[in-house]
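The values are calculated or read from the model by the stated rules, or taken from the named source; none is laboratory data. This structure is a prediction, so every number in the text was calculated from the model and none was measured. As a convention, Cβ positions derive from the backbone with ideal geometry for all residues, glycine included, and neighbour counts pool all protein chains shown. In case anyone asks, the SASA skips ligands and DNA or RNA and just uses the protein heavy atoms, side chains included. Shrake-Rupley method; radii C 1.70, N 1.55, O 1.52, S 1.80 Å.
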Amino acid sequence: MSKENVLKVCDLTMQFGGVVAVNNLNMKVNKGEIIGLIGPNGAGKTTVFNMVTGVYAPTNGAIYLNDKLVAQNHPHGKMKEIYNGLNAGKYTGSLAPTPDKITKMGVARTFQNIRLFKELTVFENVLIAKHMNIKANLFSATMMINKKEEKRMREETMELLRILDLEKNKDDISTSLPYGKQRHLEIARALATKPQLLLLDEPAAGMNPQESDDLMHFVGRIRDDFDLSILMIEHHMQVVMGICERIYVLDYGTLIAEGNPQEVQNNPKVIEAYLGVD
(Lines give C-alpha, C1' and ligand atoms only; values in the text may rest on other atoms or scores of the structure.)
Protein backbone atom coordinates (compact mmCIF):
# COMPACT_ATOMS: atom_id res chain seq x y z
CA MET A 1 0.00 0.00 0.00
CA SER A 2 1.24 3.50 -0.79
CA LYS A 3 2.45 5.55 2.17
CA GLU A 4 0.35 8.37 0.77
CA ASN A 5 -2.92 6.58 1.61
CA VAL A 6 -4.62 8.41 4.46
CA LEU A 7 -7.76 6.28 4.00
CA LYS A 8 -8.19 3.03 2.14
CA VAL A 9 -11.30 0.84 2.20
CA CYS A 10 -11.16 -2.67 0.77
CA ASP A 11 -14.21 -4.71 -0.30
CA LEU A 12 -16.31 -2.67 2.13
CA THR A 13 -19.85 -4.05 2.43
CA MET A 14 -22.77 -3.11 4.68
CA GLN A 15 -25.87 -5.29 4.77
CA PHE A 16 -28.99 -4.55 6.82
CA GLY A 17 -31.08 -7.71 7.02
CA GLY A 18 -31.37 -8.82 3.42
CA VAL A 19 -30.58 -5.37 1.96
CA VAL A 20 -27.04 -4.65 0.79
CA ALA A 21 -26.61 -0.89 1.31
CA VAL A 22 -22.95 -0.80 0.23
CA ASN A 23 -21.50 -3.62 -1.85
CA ASN A 24 -17.78 -4.36 -2.17
CA LEU A 25 -16.54 -0.75 -2.22
CA ASN A 26 -12.85 -0.11 -2.87
CA MET A 27 -11.76 3.49 -2.42
CA LYS A 28 -8.80 5.51 -1.25
CA VAL A 29 -7.98 9.07 -0.22
CA ASN A 30 -4.38 10.17 -0.57
CA LYS A 31 -2.67 12.76 1.57
CA GLY A 32 -3.74 16.29 0.67
CA GLU A 33 -6.54 15.27 -1.71
CA ILE A 34 -10.11 16.52 -1.82
CA ILE A 35 -12.20 13.55 -2.95
CA GLY A 36 -15.89 13.52 -3.85
CA LEU A 37 -18.32 10.69 -3.08
CA ILE A 38 -21.51 11.22 -5.07
CA GLY A 39 -24.61 9.34 -6.16
CA PRO A 40 -28.42 9.55 -6.11
CA ASN A 41 -30.31 9.62 -2.82
CA GLY A 42 -30.15 6.22 -1.14
CA ALA A 43 -26.96 5.21 -2.95
CA GLY A 44 -25.17 4.39 0.33
CA LYS A 45 -22.90 7.43 0.69
CA THR A 46 -23.66 8.27 4.33
CA THR A 47 -23.48 4.56 5.17
CA VAL A 48 -19.87 4.66 3.94
CA PHE A 49 -19.18 7.61 6.26
CA ASN A 50 -20.79 5.74 9.14
CA MET A 51 -18.53 2.74 8.59
CA VAL A 52 -15.38 4.84 8.29
CA THR A 53 -16.19 6.73 11.51
CA GLY A 54 -17.13 3.67 13.55
CA VAL A 55 -20.88 4.31 13.76
CA TYR A 56 -21.44 1.02 11.92
CA ALA A 57 -19.20 -2.02 11.93
CA PRO A 58 -18.97 -3.17 8.29
CA THR A 59 -20.55 -6.50 7.45
CA ASN A 60 -17.50 -7.38 5.38
CA GLY A 61 -14.23 -5.77 4.34
CA ALA A 62 -11.45 -3.71 5.86
CA ILE A 63 -10.65 -0.05 6.59
CA TYR A 64 -7.12 1.32 6.82
CA LEU A 65 -5.99 4.69 8.17
CA ASN A 66 -2.43 5.67 7.27
CA ASP A 67 -1.83 2.07 6.18
CA LYS A 68 -2.89 0.72 9.58
CA LEU A 69 -5.82 -1.70 9.78
CA VAL A 70 -8.43 -0.08 12.03
CA ALA A 71 -11.65 -1.95 11.20
CA GLN A 72 -12.45 -5.32 9.71
CA ASN A 73 -15.30 -7.78 9.65
CA HIS A 74 -16.73 -10.78 7.85
CA PRO A 75 -20.18 -12.40 7.63
CA HIS A 76 -20.67 -14.61 10.66
CA GLY A 77 -23.50 -15.92 12.81
CA LYS A 78 -26.92 -15.41 11.22
CA MET A 79 -25.47 -12.94 8.72
CA LYS A 80 -23.35 -15.72 7.24
CA GLU A 81 -26.52 -17.48 6.14
CA ILE A 82 -28.17 -14.46 4.49
CA TYR A 83 -25.12 -12.55 3.23
CA ASN A 84 -25.69 -11.26 -0.32
CA GLY A 85 -22.45 -9.32 -0.83
CA LEU A 86 -19.18 -10.31 -2.44
CA ASN A 87 -15.98 -11.78 -0.99
CA ALA A 88 -17.73 -13.63 1.84
CA GLY A 89 -14.67 -15.79 2.60
CA LYS A 90 -11.90 -13.23 2.12
CA TYR A 91 -11.76 -11.84 5.67
CA THR A 92 -11.66 -13.68 8.98
CA GLY A 93 -11.00 -11.26 11.84
CA SER A 94 -13.32 -8.72 13.49
CA LEU A 95 -12.16 -5.29 14.60
CA ALA A 96 -14.67 -2.52 15.32
CA PRO A 97 -13.44 0.61 17.13
CA THR A 98 -16.03 3.04 18.50
CA PRO A 99 -16.45 6.55 17.02
CA ASP A 100 -14.47 8.23 19.82
CA LYS A 101 -11.49 5.97 19.14
CA ILE A 102 -11.72 6.69 15.41
CA THR A 103 -11.72 10.42 16.21
CA LYS A 104 -8.58 10.01 18.30
CA MET A 105 -6.98 8.27 15.29
CA GLY A 106 -7.39 11.51 13.33
CA VAL A 107 -10.79 11.31 11.61
CA ALA A 108 -13.47 13.98 12.03
CA ARG A 109 -16.79 14.52 10.29
CA THR A 110 -19.71 16.86 9.81
CA PHE A 111 -23.32 15.86 9.17
CA GLN A 112 -25.89 16.44 6.46
CA ASN A 113 -28.16 18.08 9.03
CA ILE A 114 -26.17 20.53 11.13
CA ARG A 115 -25.66 19.14 14.64
CA LEU A 116 -24.43 22.01 16.75
CA PHE A 117 -24.97 22.33 20.50
CA LYS A 118 -27.90 24.69 20.07
CA GLU A 119 -27.89 26.40 23.47
CA LEU A 120 -24.12 26.95 23.59
CA THR A 121 -22.04 29.76 22.17
CA VAL A 122 -19.74 29.52 19.17
CA PHE A 123 -16.74 29.42 21.52
CA GLU A 124 -18.25 26.68 23.69
CA ASN A 125 -19.12 24.50 20.68
CA VAL A 126 -15.49 24.46 19.58
CA LEU A 127 -14.02 24.18 23.08
CA ILE A 128 -16.05 21.03 23.76
CA ALA A 129 -14.42 19.36 20.76
CA LYS A 130 -11.01 20.34 22.12
CA HIS A 131 -11.71 18.17 25.17
CA MET A 132 -11.48 15.08 22.94
CA ASN A 133 -7.70 15.23 23.41
CA ILE A 134 -7.62 16.39 27.04
CA LYS A 135 -5.07 14.65 29.27
CA ALA A 136 -6.76 15.46 32.59
CA ASN A 137 -8.47 12.77 34.66
CA LEU A 138 -11.02 12.93 37.46
CA PHE A 139 -8.35 13.48 40.13
CA SER A 140 -6.48 16.25 38.33
CA ALA A 141 -9.73 18.00 37.42
CA THR A 142 -10.99 17.84 41.02
CA MET A 143 -7.70 19.16 42.39
CA MET A 144 -7.58 21.80 39.64
CA ILE A 145 -4.16 20.58 38.53
CA ASN A 146 -5.01 20.93 34.83
CA LYS A 147 -5.34 24.73 34.75
CA LYS A 148 -2.51 25.10 32.23
CA GLU A 149 -4.09 22.57 29.89
CA GLU A 150 -7.48 24.25 30.13
CA LYS A 151 -5.89 27.64 29.41
CA ARG A 152 -4.08 26.19 26.40
CA MET A 153 -7.30 24.71 24.98
CA ARG A 154 -9.11 28.02 25.37
CA GLU A 155 -6.28 29.85 23.61
CA GLU A 156 -6.26 27.27 20.79
CA THR A 157 -10.03 27.62 20.45
CA MET A 158 -9.76 31.39 20.05
CA GLU A 159 -6.98 30.96 17.50
CA LEU A 160 -9.09 28.52 15.50
CA LEU A 161 -12.05 30.93 15.53
CA ARG A 162 -9.74 33.70 14.35
CA ILE A 163 -8.38 31.63 11.45
CA LEU A 164 -11.91 30.69 10.35
CA ASP A 165 -13.30 34.24 10.65
CA LEU A 166 -15.58 33.35 13.58
CA GLU A 167 -13.77 35.32 16.27
CA LYS A 168 -16.28 38.16 16.33
CA ASN A 169 -19.09 35.63 16.80
CA LYS A 170 -17.46 33.83 19.74
CA ASP A 171 -20.16 34.83 22.25
CA ASP A 172 -23.12 34.33 19.90
CA ILE A 173 -25.46 31.40 20.45
CA SER A 174 -24.59 28.94 17.68
CA THR A 175 -28.08 28.77 16.16
CA SER A 176 -28.26 32.56 15.88
CA LEU A 177 -25.63 32.51 13.13
CA PRO A 178 -26.57 32.69 9.45
CA TYR A 179 -26.84 29.27 7.83
CA GLY A 180 -23.50 29.49 6.04
CA LYS A 181 -21.72 30.50 9.26
CA GLN A 182 -23.30 27.54 11.07
CA ARG A 183 -21.73 25.26 8.47
CA HIS A 184 -18.37 26.94 9.07
CA LEU A 185 -18.81 26.49 12.82
CA GLU A 186 -19.55 22.78 12.43
CA ILE A 187 -16.37 22.42 10.39
CA ALA A 188 -14.45 24.44 13.01
CA ARG A 189 -15.66 22.06 15.70
CA ALA A 190 -14.45 19.10 13.62
CA LEU A 191 -11.07 20.79 13.10
CA ALA A 192 -10.73 21.27 16.87
CA THR A 193 -10.11 17.52 17.20
CA LYS A 194 -6.97 17.98 15.04
CA PRO A 195 -7.89 15.50 12.30
CA GLN A 196 -5.79 14.28 9.40
CA LEU A 197 -8.90 13.21 7.48
CA LEU A 198 -12.04 15.36 7.38
CA LEU A 199 -15.35 13.90 6.18
CA LEU A 200 -17.92 16.47 5.00
CA ASP A 201 -21.49 15.23 4.53
CA GLU A 202 -23.26 17.57 2.07
CA PRO A 203 -21.65 20.79 3.32
CA ALA A 204 -23.39 22.86 0.60
CA ALA A 205 -26.88 21.55 1.40
CA GLY A 206 -29.37 24.43 1.66
CA MET A 207 -26.90 27.05 0.46
CA ASN A 208 -27.54 29.65 -2.23
CA PRO A 209 -25.09 29.98 -5.18
CA GLN A 210 -22.97 32.65 -3.47
CA GLU A 211 -22.72 30.62 -0.25
CA SER A 212 -21.79 27.52 -2.26
CA ASP A 213 -19.04 29.42 -4.05
CA ASP A 214 -17.74 30.73 -0.72
CA LEU A 215 -17.79 27.17 0.63
CA MET A 216 -15.56 25.92 -2.19
CA HIS A 217 -12.92 28.52 -1.34
CA PHE A 218 -13.35 27.78 2.38
CA VAL A 219 -12.83 24.03 1.96
CA GLY A 220 -9.79 24.58 -0.25
CA ARG A 221 -8.32 26.99 2.29
CA ILE A 222 -8.73 24.71 5.30
CA ARG A 223 -7.23 21.81 3.32
CA ASP A 224 -4.10 23.88 2.79
CA ASP A 225 -3.99 25.67 6.16
CA PHE A 226 -4.56 22.53 8.25
CA ASP A 227 -2.73 20.03 6.00
CA LEU A 228 -5.88 17.94 5.60
CA SER A 229 -7.18 15.21 3.36
CA ILE A 230 -10.91 15.63 2.68
CA LEU A 231 -13.64 13.22 1.61
CA MET A 232 -16.95 14.91 0.86
CA ILE A 233 -20.46 13.83 -0.02
CA GLU A 234 -22.19 16.45 -2.10
CA HIS A 235 -25.18 16.75 -4.44
CA HIS A 236 -24.24 20.25 -5.59
CA MET A 237 -22.39 19.38 -8.79
CA GLN A 238 -20.85 22.83 -9.19
CA VAL A 239 -19.12 22.36 -5.84
CA VAL A 240 -18.04 18.78 -6.60
CA MET A 241 -16.68 19.55 -10.06
CA GLY A 242 -15.09 22.78 -8.89
CA ILE A 243 -13.06 21.46 -5.97
CA CYS A 244 -12.63 17.67 -6.07
CA GLU A 245 -9.53 16.14 -7.66
CA ARG A 246 -11.10 12.70 -7.94
CA ILE A 247 -14.68 11.47 -7.61
CA TYR A 248 -16.26 8.12 -6.72
CA VAL A 249 -19.85 7.47 -7.82
CA LEU A 250 -22.18 5.07 -6.03
CA ASP A 251 -25.53 3.78 -7.28
CA TYR A 252 -27.57 1.33 -5.21
CA GLY A 253 -24.52 0.74 -3.04
CA THR A 254 -22.24 -0.22 -5.92
CA LEU A 255 -19.33 1.78 -7.32
CA ILE A 256 -20.20 2.59 -10.93
CA ALA A 257 -17.50 5.13 -11.81
CA GLU A 258 -14.37 6.83 -10.54
CA GLY A 259 -11.98 9.37 -12.00
CA ASN A 260 -11.38 13.08 -12.36
CA PRO A 261 -14.36 15.46 -12.66
CA GLN A 262 -14.35 15.51 -16.47
CA GLU A 263 -14.19 11.70 -16.73
CA VAL A 264 -17.03 11.27 -14.26
CA GLN A 265 -19.18 14.00 -15.79
CA ASN A 266 -19.03 12.32 -19.20
CA ASN A 267 -19.45 8.74 -17.98
CA PRO A 268 -22.63 7.18 -19.48
CA LYS A 269 -23.32 5.18 -16.29
CA VAL A 270 -23.21 8.35 -14.20
CA ILE A 271 -25.50 10.19 -16.60
CA GLU A 272 -27.95 7.29 -16.51
CA ALA A 273 -27.88 7.09 -12.70
CA TYR A 274 -28.62 10.79 -12.30
CA LEU A 275 -30.86 11.49 -15.30
CA GLY A 276 -32.29 8.09 -16.27
CA VAL A 277 -32.67 6.88 -19.85
CA ASP A 278 -35.64 6.55 -22.20
Given backbone amide H placed at 1.01 Å from N, residues whose amide H is under 5 Å from that of residue 259, ignoring those fewer than 5 places away on the same chain, are 247
Under the rule of -39500 (n - 2.57) per DSSP H run of 4 or more residues, summed and divided by the residues of the chain, what mean residue ellipticity at 222 nm is obtained, to the nearest 500 deg cm²/dmol? -10000 deg cm²/dmol
Rh by Kirkwood over Cα pairs, then Stokes-Einstein D for region 179-278 at 1.567 mPa s and 4 °C, µm²/s: 89
Residues whose built amide H sits under 5 Å from the amide H of residue 251, excluding neighbours closer than 5 in sequence, are 256
Quick one: Karplus J couplings for region 15-27, per residue in order, coefficients 6.51, -1.76, 1.60, θ = phi - 60°, nearest Hz, x for Gly and Pro? 10, 10, x, x, 9, 8, 7, 9, 10, 6, 7, 10, 7
Would you count, across region 155-278, every pair of lysines whose alpha carbons are under 21 angstrom apart, provided the pair is eight or more residues apart or spans two chains? 4
Which trypsin sites (Lys or Arg not before Pro) from region 1-108 combine a DSSP loop assignment with at most 13 other Cβ atoms within 10 Å? 3, 90
Can you put 214, 227 in order of accessible area, largest first, using a 1.4 Å probe? 227, 214
Give, rounded to the nearest 20 debye, the magnitude of the charge dipole that the chain has about its Cα centre when Lys and Arg contribute +1 at Cβ and Asp and Glu contribute -1 at Cβ. 1160
Against the 2.2 N^0.38 Å scaling, with N counting residues, where does the chain land? I'd like the Cα-based Rg ratio to two decimal places. 1.06
Förster radius 45 Å - calculated FRET efficiency between residue 147 and residue 237 (Cβ-Cβ, nearest 0.05): 0.35
Just to be sure I understand the model, the point goes 7 Å from the Cα along the line to the Cβ. What's the resulting residue 131 to residue 68 distance in nm? 2.5
Karplus 3J(HN,Hα) series, Hz, for region 56-70 with 6.51 cos²θ - 1.76 cosθ + 1.60 (x for Gly, Pro): 10, 7, x, 6, 7, x, 9, 10, 10, 10, 6, 6, 9, 5, 10
With N set to the number of residues, divide the alpha-carbon radius of gyration of region 1-108 by 2.2 N^0.38 Å and report two decimals. 1.03
Amide H to amide H under 5 Å from residue 232: which residues, 5+ apart in sequence or cross-chain, H placed 1.01 Å off N in plane? 35, 36, 37, 200
Taking θ as phi - 60°, what are the ³J(HN,Hα) couplings along region 227-241 by the Karplus curve (6.51, -1.76, 1.60), each to the nearest whole Hz, with x for Gly and Pro? 6, 9, 10, 10, 10, 10, 8, 7, 9, 6, 5, 5, 5, 4, 6
Taking a point 7 angstrom from the Cα of residue 100 along the C-beta vector, which residues in region 54-93 have backbone N less than 18 Å away? 54-57
Apportionment of accessible area to carbon and sulfur, the chain, percent (1.4 Å): 53
Out of the DSSP beta bridges found with both residues in the chain, what percent are antiparallel (nearest 5)? 60
